[in-house]
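This report refers to the structure that appears directly beneath it.
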Amino acid sequence: MEQRHLGRTGLRVSRLGLGTLTWARDTDDRDAADQLKTFWEAGGTLVDTADVYADGGAEYLLGRLVEGMVPRRDLVIATKAGSVLEADRRVDGSRRHLLAALDDSLERLGTDYVDLWQVHAFDPHTPLEETLQALDIAVSSGRARYVGVANFSGWQLAKAATWQLAAPTVRARLASAQMEYSLLQRGVEREVLPAARDLGLGLLPSSPLGRGVLTGKYRHATPPDSRGASEHLAPFVAPYLDEAAGRIVDAVATAADGLAVTPLQVALCWLRDRPGVTAPLLGARTAQQLRAALSVETLSLPDEIRRALDDVSAPVHRYPDHDWSTL
């Protein structure tokens, strides 16, 4: 699999990453092992997890699999901290919480360091410089090789990245931003993606298949074994089952028919080759689904199909997102 630099850093990662959101919850030990082996044998290196996935279960499962199946040196392990499951608080970006969470992640993962450590979300109640100092400490102490953020808005990302760049010999530059991005969710193109490209951060798109909708599986009904039929994941899928999304999915299916490939391959290939994107993160339930996604390695979309998909899924950009003279 082709390797790409993560932002303006020396870290190279596979141009498709493996996500573990469902591990230790909907994906059991055996299926997770099959996924990791399939991904590794295909040349994949970037594996993304988080301390809140299955309440730490995903990290623990990944750690056990790495220990017994895949050499640690062959993987770029990324995890996240900052999301909390408390009734009165969803995010904790305090230095105290983040560094304690990192130590817990390392213990579950069974490793002395993570290759990429990410703040899971912006905390409006903690000074940003305190949150970022936790990243600096993680790097200077050797517990993290590189750092990034996830789910930051454009101004939040620009402020954080600029703060880190202001003292390059003291602060660890941000390497990446993880955001939801797909043909069904192009909101990052307004502010986040331009900021990331300008400041040298690589974009790691989550939910690259529109939470599974871009595979076309929901075009006529909701499959009983799908996320859309799952009690705890149905609300996650529902926002992309409206009429506007349906038009985009139909266009993807038409393109797939014309190329004799699958809608999954078309949607993933479109995203993988977008400017600023480093590696979409694949969240498969089974190794079979993962193999289908990994098959895009040899596929490139013709320019006319890419432009057609751009047009049918184009988000509305108005002032101040674009130059005022275009209004």
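Could you go through the range 164-175 and let me know if any residue there is open to solvent by 10 Å² or more (accessible area, probe 1.4 Å), in a helix (DSSP H, G or I) and more than 16 Å from L281 (Cα to Cα). Steps first, answer last, please.
At the first step, the residues of the range 164-175 found to be open to solvent by 10 Å² or more (accessible area, probe 1.4 Å) are 165-173.
From what's left, in a helix (DSSP H, G or I): 165.
Keeping just the survivors that are more than 16 Å from L281 (Cα to Cα) gives 165.
For the range 164-175, residues open to solvent by 10 Å² or more (accessible area, probe 1.4 Å), in a helix (DSSP H, G or I) and more than 16 Å from L281 (Cα to Cα): present.
Look at P194 and say whether it is under 18 Å from the mean Cα position of the chain (by Cα), closer than 20 Å to H317 by Cβ and not in a helix (DSSP H, G or I). If you could, list the steps in order and put the result at the bottom.
Values: under 18 Å from the mean Cα position of the chain (by Cα): yes; closer than 20 Å to H317 by Cβ: yes; not in a helix (DSSP H, G or I): no.
Answer is no for this residue.
Do we find that Y146 is closer than 20 Å to Q164 by Cβ and in contact (Cβ under 8 Å) with a residue 40 or more places away in the chain in this structure? Walk me through it before giving the result.
On the way: closer than 20 Å to Q164 by Cβ: yes; in contact (Cβ under 8 Å) with a residue 40 or more places away in the chain: yes.
Criteria met by Y146.
Of the conditions (1) part of a helix (DSSP H, G or I); (2) touching a residue at least 60 places away in the same chain (Cβ under 8 Å); (3) open to solvent by less than 10 Å² (accessible area, probe 1.4 Å), L135 fails just one. Which one is it?
Among (1) part of a helix (DSSP H, G or I); (2) touching a residue at least 60 places away in the same chain (Cβ under 8 Å); (3) open to solvent by less than 10 Å² (accessible area, probe 1.4 Å), L135 violates only (2).
Would you mind stating whether L116 is among the hydrophobic types (A, V, I, L, M, F, W, C) and buried (at least 24 other Cβ atoms within 10 Å of the Cβ)? Break it down into steps so the answer makes sense when it comes.
Working: among the hydrophobic types (A, V, I, L, M, F, W, C): yes; buried (at least 24 other Cβ atoms within 10 Å of the Cβ): yes.
Yes: the conditions hold for L116.
Filter the range 122-131 for residues that are open to solvent by less than 20 Å² (accessible area, probe 1.4 Å) and in contact with a strand residue (DSSP E or B) (Cβ under 8 Å, 6 or more places away or on another chain) and give the result.
D123, T131
Condition test on Q178, is it part of a strand (DSSP E or B), touching a residue at least 40 places away in the same chain (Cβ under 8 Å) and either over 30 Å from G246 (Cα atoms) or open to solvent by 30 Å² or more (accessible area, probe 1.4 Å) (or both)?
Numbers: part of a strand (DSSP E or B): yes; touching a residue at least 40 places away in the same chain (Cβ under 8 Å): yes; either over 30 Å from G246 (Cα atoms) or open to solvent by 30 Å² or more (accessible area, probe 1.4 Å) (or both): no.
Considered against the rule, which asks whether it is part of a strand (DSSP E or B), touching a residue at least 40 places away in the same chain (Cβ under 8 Å) and either over 30 Å from G246 (Cα atoms) or open to solvent by 30 Å² or more (accessible area, probe 1.4 Å) (or both), Q178 comes out as no.
For G43, are the conditions met, namely being in contact with a Leu (Cβ under 6 Å, 6 or more places away or on another chain) and among the small types (G, A, S)? Outline the logic, then answer.
Numbers: in contact with a Leu (Cβ under 6 Å, 6 or more places away or on another chain): no; among the small types (G, A, S): yes.
It is false that G43 is in contact with a Leu (Cβ under 6 Å, 6 or more places away or on another chain) and among the small types (G, A, S).
Quick check on the range 138-160: of everything there that is open to solvent by 20 Å² or more (accessible area, probe 1.4 Å) and not in a helix (DSSP H, G or I), which residue is nearest to S176 (Cα to Cα)?
Initially, the range 138-160 is screened for residues open to solvent by 20 Å² or more (accessible area, probe 1.4 Å), giving 139-143, 145-146, 151, 153, 155-156, 158-159.
With not in a helix (DSSP H, G or I) added as a condition, the list becomes 141-143, 145-146, 151, 153.
Values: S141: 20, G142: 18, R143: 17, R145: 12, Y146: 9, N151: 11, S153: 13 Å.
Per the stated criteria, the residue is Y146.
Kindly list the number of the only condition in (1) surrounded by fewer than 16 Cβ atoms within 10 Å (Cβ to Cβ); (2) more than 24 Å from Q288 (Cα to Cα); (3) of a type outside the set (V, I, T) that fails for A251.
Result: A251 passes all but (1).
Which one is most open to solvent (accessible area, probe 1.4 Å), of the residues in the range 292-323 that are of a type in the set (D, E, K, R) and within 21 Å of D257 (Cβ to Cβ)? Let's see the steps before the verdict.
First pass over the range 292-323, keeping only residues of a type in the set (D, E, K, R): 297, 303-304, 306-307, 310-311, 318, 321, 323.
From what's left, within 21 Å of D257 (Cβ to Cβ): 303-304, 306-307, 310-311.
On the way: D303: 98, E304: 115, R306: 44, R307: 139, D310: 37, D311: 117 Å².
Looking at the filtered set, the residue picked out is R307.
The values are calculated or read from the model by the stated rules, or taken from the named source; none is laboratory data. These numbers were taken from a predicted model, which means no experiment stands behind them. Positions of Cβ are generated from backbone atoms using ideal geometry, with glycine treated the same way; all protein chains shown enter the neighbour counts. Keep in mind that these areas ignore ligands, DNA and RNA; they rest on the heavy atoms of the full protein, side chains included. Shrake-Rupley method; radii C 1.70, N 1.55, O 1.52, S 1.80 Å.
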